[in-house]
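Take a look at the structure below.
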Amino acid sequence: MSGTALRPARLSPADVLRVGAEGLRSRRTRVVLSALGIAIGIATMVAVVGLSTSSRADLLARLDRLGTNLLTAEAGKDALGKDVKLPKSAVAMVERIGPVEHATATGAVNARVRRSDVVPEELASGVTVQAARPDLLAALNARTSQGSWLNRASERLPTVVLGSVAADRLGVTAPGAKILLNDRWYVVTGILAPVELVPTLDRVAMVGYPSAERYLGFDGHPTMLFERSTDASVEAVQGVLARTVNPGDEGGVKVSRPSDALAAKAATDKGLTTLMLGLGAVALLVGGVGVANTMVISVLERRQEIGLRRALGATRASIRLQFLTESLLLSALGGLVGAALGAAATVAFAHAQGWTAVVPPWSLAGGLGATLLIGVVAGLYPAVRASRLHPTVALSAT
């Protein structure tokens, strides 16, 4: 009678998971602490990606709302270092450029701003005065937070509209207050909401052109011109704007695109995100070291269990698979908790900032994938070490 070859029994996937989970349940405190390291790393990475994505999405939405087709032309200095005066007809000349849809301007006014006549003249308020046209807000997609903007009637009267910062510095909280421009009382008719594209206007007191010329000695020359054209023609208009505004001395005109500053901020946020992801990766690495340490100690503590399984016929492969499974389950536990914490932190912070929360699915998938990779790397050495224990040596260990 021929003998039948004996083959070692193989564990089913369900049995492997059950054995691996049982190994973790027997050391709950150590498992929780090890998984916490993984969770912190994954939570950091998911939160950083989510917050950065939410911030950029909010910024891009603001850019879409404000428009990227606004150009500004500002009076600079000539070759001799003297201040350039833009022609009074600069706005009309720019409006003749074909693709231009809207053009307006402001002009610097040499006037002191005081809250009242008891404030010494030499005490600076940090607020400047500019003459503005009624169509300025339309060109900038800006709005008033309180009161009303200049119109064809109020621009001729001693009325003023304050930027948001200017109002705070002067202590004006509502329209109807009076402030002194030089020695002339002006009534505040409105307070602007922050002007995102041109934040310098937040610190300005704005009066109408006719009022500035009549009461404050304004010469009528604009110092900054604002122009909007079609999106497709912005670059072309930017190339001819300086010589159109100030023919013969285009070097004395500085042309810029305010939306570029917001776009640069998005790029800066991206660089900061990369740095924070690096810190998250370090935290994840530390968590992986914790998992490896836990698994090495587990092998040392469970040598008799390993020896008994080997004596009962378990192969080296099955021992390796058992400890690799434990390491993967431990890492996956930390990864799942970390991904949930990171997503929750993103939603909470974005809600507090008034953003739309965006958690990219790839960040969750990438985080979980990273934890599994950490689990394999961290568990490989302990698994191999466990599989190489000789049954006799393992059973005799105390």
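The values are calculated or read from the model by the stated rules, or taken from the named source; none is laboratory data. From a predicted model like this one, the values you see are computed outputs, not experimental measurements. Here Cβ is always computed from backbone atoms with ideal geometry, including for glycine, and neighbour counts include all displayed protein chains. Only protein heavy atoms, including side chains, enter the accessible area calculation; ligands, DNA and RNA are left aside. Shrake-Rupley method; radii C 1.70, N 1.55, O 1.52, S 1.80 Å.
Points worth noting:
- Contour excess over end-to-end distance, with Cα ends at THR200 and ALA57 and 0.36 nm allotted per residue: 49.0 nm
- Region 45-173: C-alpha gyration tensor shape, a/c 1.5 cut-off, then a/b vs b/c: oblate
- For the pair LEU308 and ARG156 in one chain, pulling the backbone fully straight at 0.36 nm per residue adds 44.8 nm over the alpha carbon distance.
- Remark: the ASP83-ALA348 segment gains 90.4 nm on full extension, using 0.36 nm per residue and subtracting the alpha carbon distance.
- Cβ crowding within 10 Å averaged over residues, with 193-201, 90-98 ranked highest first: 193-201, 90-98
- Solvent exposure of ILE179, expressed as accessible area, is near 0 Å², computed with a probe of 1.4 Å over the protein chains only.
- Gyration tensor verdict on region 121-203 (Cα atoms; rounded if a/c is under 1.5, prolate if a/b is larger than b/c, oblate otherwise): oblate
- Region 97-244: C-alpha gyration tensor shape, a/c 1.5 cut-off, then a/b vs b/c: prolate
- Ranked packing of 156-164, 238-246, 69-77, most packed first, by mean Cβ within 10 Å: 156-164, 69-77, 238-246
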